[in-house]
Amino acid sequence: MTNVNEVATSLPLTHTPPASGSRVELDQLVRVYGSVRALDGFSLTIEPGEFVALLGPSGCGKTTVLRQIAGFEQLDSGRVLVNGQDLSNVSAQKRDMGMVFQSYSLFPNMNALNNVAFGLRMRHQRSSQRLAKAAEVLEMVGLSDQAKKYPHQMSGGQQQRVALARALAIEPQVLLLDEPLSALDAKVRAELRDQIRMLQKRLSITTIFVTHDQEEALSMADRVCVMSKGRIEQMATPAVLYRHPNTAFVAQFVGVSSRVPTLYRGGSVDIFGQACTVRGDERPTEGAEVDAILRPEDLTIEPDPQGIGFVTHKSFLGATTRLVVQVRETPVRIDVRSDQGEELELGAHVNVKVISRDVLVAARVENSATQTA
Amino acid sequence: MASIGVPIGDFIANEEAGIDRPMPLAGARKKRRRFSLWRFIVLFVAGAYFLIPIFAGLKFSLQDISGRFSFQAIQNLPSAPGFSGAFWLSMRLAIVTLVVSILLMVPTTIYVHLRLPRMRRLMEFITILPIVIPPIVIIAGILPAAPLWAKSSPYLLSFLYVILSMPFIYRSLDAGLSAIDLKTLVEAARSLGASWLRTLTQVILPNLRPALLSAMVLTLALVLGEFTMASLDLWTTIPVWIVQFNTASSGHVQTAASMLGLIGTWVFLTIIVSIDRSESRKSRRKTGTL
Ligand SMILES: Nc1ncnc2c1ncn2[C@@H]1O[C@H](COP(=O)(O)OP(=O)(O)OP(=O)(O)O)[C@@H](O)[C@H]1O
Ligand SMILES: [Mg+2]
């Protein structure tokens with residue numbers, strides 16, 4: 001291990017991105033721990049080179065999905081296919097998966113460079129070759145100057161970048177990222193987010209990114225898969241997910257929404273005296289008591305001294321101002337243009353109007369005046 | 001005793017106050033002085049308790065019969081009848097015990113940590129049994145039960161020493177494995193293409209080195225000092241030899257033999273402690289960055 005940087009620059013850059021990434025198909029995965037169905041018929045297809053975020057609350061099975069793909073655990077039933085090949089009988093060692101773990105996972109007994117070179121050493125690459133490659137990948141994550149440092153000498157963000165480099169160095173079939181940023185502070189997290197996305201595009205490597213942070217998922221992924229209780233709630237692009245959530249769970253988990261109690265009658269619901277059509281997969285039974293789920297931008301207000309609600313909170317968000325309007329027992333969040341918001345005093349009476357074409361409804365939850373994701 | 005502690009405690013308190021730092025409040029200072037005084041009393045008593053017998057032994061082994069300073073006892077040691085036989089027997093037993101213990105306990109402990117974490121309590125209980133059950137009970141049970149071929153070999157003792165050393169080995173390994181994120185490290189290595197063997201040799205064992213070393217030293221000290229079993233099994237190991245080689249003029253040589261064993265173990269311990277220290281300094285820095 002002489003001068004690593006010298007070796008790296010004297011060799012041509014060998015890291016050519018693969019023509020296209022691998023295609024991943026998860027077919028009806030089931031994994032049961034005791035009485036918990038961690039995965040309950042989970043199916044998902046990921047196109048080559050796609051960046052998919054798995055989003056869901058804690059304990060919904062996100063990590064379990066990654067562990068199944070990486071081959072760390074046995075499935076109770078179902079199949080994992082990569083490029084059409086069933087991996088059921090392939091050990092973790094042979095699967096070629098690049099995994100970055102939620103906790104720091106660098107080998108404490110090796111410096112950054114040797115950590116990155118580890119996978120290549122396991123593939124019996126010649127020493128000079130693998131160190132050059134490792135130095136090159138370290139450079140990609142911007143850590144050439146840290147090559148000789150041991151994990152305990154690096155910051156959390158640096159360690160996770162080395163872990164990313166280590167996963168990328170083996171040119172894996174699929175890159176599996178299990179909340180790699182959750183232990184880092186906000187600024188480092190934002191930087192690394194951009195860096196991961198950039199590298200992923202450049203190498204066009206199929207990537208599954210696990211997170212419970214909706215902002216992270218929406219800003220990074222080509223498609224987001226929202227999970228709940230070991231199942232898929234909805235898989236869609238960030239824009240579709242936000243604008244057209246299929247289920248109440250998705251509507252509440254992604255973005256901000258308010259729940260307004262109402263009755264379902266003849267395909268529509270009555271919201272503040274206005275009949276609104278119902279969208280989505282979940283159709284309630286006729287006459288059922290339901291909650292309408294409304295985004296702040298689905299609503300608008302008109303100042304009216306005889307109005308049905310009054311303003312209880314105002315928060316300035318820049319171009320828009322978010323109001324909380326109390327309508328009978330229900331606080332409702334509404335976004336208005338900031339110039340309009342400025343004119344409203346706290347306590348001012350207003351009328352609330354729905355401006356979206358249709359609304360999503362969910363079964364009534366008692367005591368659920370307002371919910372935020 | 002207290003009259004020795006006071007000036008030392010004072011000296012330290014003054015030293016610290018002298019450093020370019022705001023003076024601590026009078027109350028805090030008083031408290032600190034009393035605290036360090038107690039520290040020195042405790043240290044002194046404990047030190048005297050351990051060191052006086054050792055010092056006496058060392059002094060005795062460096063005297064001739066008339067009480068003058070001499071290296072004669074140590075010089076006579078190798079040629080003392082039966083010593084070299086006992087020495088090499090103890091060494092062979094120590095090595096066999098170490099190899100068998102490590103081969104048995106390292107994979108077992110790692111397996112329990114990785115796959116059967118709920119069994120850790122049970123393992124702890126089982127491995128502590130040799131401390132709870134006196135060695136004499138174990139050997140008294142084994143001897144009538146063991147087949148003749150086993151009884152005729154000294155390595156039956158090694159087998160028993162493996163049992164005796166279990167508490168030390170298991171506890172050291174358990175602590176070492178708990179200090180690293182074993183599951184994640186193993187999974188990282190596996191997904192990077194490492195076989196189980198290479199995961200063990202290149203990832204787990206290097207990070208377990210201090211734990212392994214301390215387990216080995218403790219085992220070594222145990223084997224070199226064990227008397228009951230060896231004597232009942234009729235094998236002359238060093239401790240048995242020390243007791244047997246008991247003539248009027250031999251006291252100095254016997255003591256020299258004990259001292260030799262003690263010093264040897266100490267040298268090992270010192271090495272371990274210094275390795276452990278640099279290791280724990282590393283991990284302290286590591287937690288500082290999280
Ligand atoms: N080894 C295990 N033994 C028993 N139950 C487990 C095990 N691993 C996971 N589970 C259970 O399976 C469910 C899914 O766990 P998983 O780790 O996949 O959740 P997650 O979505 O990654 O959550 P988080 O966001 O908190 O990491 C949880 O209810 C968890 O308690
Ligand atoms: Mg998880």
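The values are calculated or read from the model by the stated rules, or taken from the named source; none is laboratory data. Nothing here was measured: the structure is a model prediction, and the numbers come from that model. Cβ coordinates were reconstructed from backbone atoms using ideal geometry, including for glycine residues, and neighbour counts include every protein chain displayed. The area values use the complete protein model at the heavy-atom level, side chains included, leaving out ligands, DNA and RNA. Shrake-Rupley method; radii C 1.70, N 1.55, O 1.52, S 1.80 Å.
Interface of B with A. Using a 1.4 Å probe and counting protein heavy atoms only, the two chains hide about 2300 Å² of accessible surface, both sides summed. Express the carbon and sulfur contribution to the solvent-accessible surface of the protein assembly as shown as a percent, rounded to the nearest whole number, probe 1.4 angstrom. For the protein assembly as shown, the apolar C and S fraction of the accessible surface comes to 60 percent.
How far, in degrees from 0 to 90, does helix A:127-140 lean away from the longest principal axis of the Cα atoms of chain A, to the nearest 10? Tilt of helix A:127-140: around 30 degrees. Put a dot 7 Å past the Cα of A:GLU286, heading toward its Cβ, do the same for B:SER231, and the two dots end up 9.8 nm apart. FRET efficiency for the B:PHE125 to A:GLN326 pair, using the beta carbon distance and R₀ = 51 Å, is estimated at 0.25.
Across the stretch B:105-121, computed HN-Hα scalar couplings (Karplus, 6.51 cos²θ - 1.76 cosθ + 1.60, θ = phi - 60°) run 7, 4, x, 4, 5, 5, 4, 4, 5, 7, 10, 10, x, 6, 7, 4, 4 Hz from first to last residue, x flagging Gly and Pro. Heavy-atom accessible area, probed at 1.4 angstrom with all protein chains present, ranks A:GLU215, A:GLU302, B:GLU124 as A:GLU215, A:GLU302, B:GLU124, highest first. For chain A, the longest principal axis of the Cα atoms and the long axis of helix A:112-122 meet at an angle of about 70 degrees. On the basis of the beta-carbon distance and an R0 of 45 Å, B:ALA46 and A:SER103 show a calculated FRET efficiency of 0.65. Using the alpha-carbon positions of chain A, Rg (one decimal) and Dmax (whole number) come out as 24.9, 81 Å. Each Lys or Arg adds one and each Asp or Glu takes one away; over the other residues whose Cβ falls under 10 Å from the Cβ of A:GLN93, this sums to +3.
Using only the Cα atoms of the stretch A:213-341, build the gyration tensor, take square roots of its eigenvalues as a ≥ b ≥ c, and label the shape rounded, prolate or oblate: rounded if a/c is under 1.5, else prolate if a/b is larger than b/c, else oblate. Oblate, since a/c reaches 1.5 and b/c is not below a/b.
Dipole orientation for the protein assembly as shown: of the candidates A:GLN158, A:VAL30, B:LEU98, B:LEU98 has the Cα lying most toward the positive pole (charges on Cβ; Lys, Arg +1; Asp, Glu -1). Run a plain Debye calculation on the protein assembly as shown (Cα atoms as equal point scatterers, no solvent) and give log10 I(q)/I(0) at q = 0.07, 0.09 Å⁻¹, rounded to two decimals, same order as the q list. Log-scaled intensity ratios, in q order: -0.73, -0.98. Each of B:PHE168, B:PHE44, A:THR330 was scored by the projection of its Cα onto the charge dipole of the protein assembly as shown, and the greatest displacement toward the positive side belongs to B:PHE44; charges sit on the C-beta of Lys, Arg, Asp and Glu. Relative to the longest principal axis of the Cα atoms of chain A, the long axis of helix A:186-203 makes an angle of roughly 60 degrees.
Rounded, prolate or oblate: which one fits the stretch A:115-246, using the alpha carbon gyration tensor with axes a ≥ b ≥ c (rounded when a/c is under 1.5, else prolate when a/b beats b/c, else oblate)? It comes out prolate by the Cα gyration axes. Kirkwood hydrodynamic radius of the stretch B:161-238, from the reciprocal of the average inverse Cα-Cα distance over all distinct pairs: 14.4 Å.
A crude spin-label estimate for the pair A:GLU47 and A:ASP194, with each label 7 Å from Cα along the Cβ direction, gives 2.7 nm. Dipole orientation for chain A: of the candidates A:ALA363, A:GLN195, A:ALA167, A:ALA167 has the Cα lying most toward the positive pole (charges on Cβ; Lys, Arg +1; Asp, Glu -1). Only helical runs count toward this figure. For chain A, summing -39,500 (n - 2.57) over DSSP H runs of n ≥ 4 and dividing by all residues gives -7500 deg cm²/dmol at 222 nm. What the phi angles of the stretch A:346-360 give under the Karplus curve with 6.51, -1.76 and 1.60, with θ = phi - 60°, is a coupling list of 4, x, 5, 7, 9, 9, 10, 10, 8, 10, 7, 5, 9, 10, 9 Hz, glycine and proline written as x. The residues of chain A expose, per residue, 44 Å² of accessible area to a 1.4 Å probe. Amide H to amide H distances under 5 Å link A:GLY21 with A:GLY49, A:THR206, where only residues 5 or more positions off or on other chains count and H is placed in the peptide plane. In this simple spin-label approximation, A:GLN125 and A:ASP76 carry label points 7 Å from Cα along the Cα→Cβ vector, and these lie 4.0 nm apart.
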